[in-house]
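Written below as structure tokens is the structure these notes are about.
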Amino acid sequence: MTARPANDSAQQPQIGVVDGIRFLCEVFAIVSLSIWGFVTFPYWLNLAVGIGAPLLAIVLWGLFRAPKAVLAVDPFVKAIVEIAVMGTAAYAWADMHQWVIFGVFTLAALTTGLIVNRREF
């Protein structure tokens, strides 16, 4: 009989369904910001917002909210960054009058955000 190392489970993080849905929400938020920028704004501004908004969201997420974030911050700062990114993406769908997408995305982002952030506290 072979014994397993005691710290085997500590080396591999547990990834569940909520984490998968959360990742899809993150990707969808970035895509949403890009679509919003290119569709909603006039020509010269649509390039800036269509590229700049998702880029800013990616930088903020990578600095503060990612699992291996560059800066280690308080969970409250992480929550503020998450609310800013996900909230802006939800606002983008409301601004484009896509109410079904707005509702489904907001519900998914809020639910998974509460579950994931609850683990951190």
Relative exposure of T112, T40, T88, judged by other C-beta atoms within 10 Å (fewest first): T40, T88, T112
Within the range 32-111, trypsin sites (Lys or Arg not before Pro) in DSSP loop having at most 13 other beta-carbon neighbours inside 10 Å: K68
DSSP H segments from the chain that extend 24 Å or more along their own axis, Cα-based, with Kyte-Doolittle mean of 1.6 or above: 17-40, 43-60
The chain: most fluctuating residue of L45, L55, L63 per GNM, C-alpha cutoff 10 Å: L45
Cα-Cα P(r), the range 17-120, percent of pairs per 10 Å interval: 16, 47, 30, 7, 0
Stretch gain in nm, segment A69-D95, where the contour uses 0.36 nm per residue and the Cα spacing is subtracted: 6.3 nm
Residue-averaged [θ]222 nm for the chain, counting only DSSP H segments that reach four residues, each worth -39500 (n - 2.57): -25000 deg cm²/dmol
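Every number here is computed from the coordinates shown, using simple stated rules; none is lab data. Since the model is a prediction, treat every value here as computed from it, not as a measurement. So basically every Cβ, Gly included, is an ideal-geometry build from the backbone, and we count neighbours across all protein chains shown.
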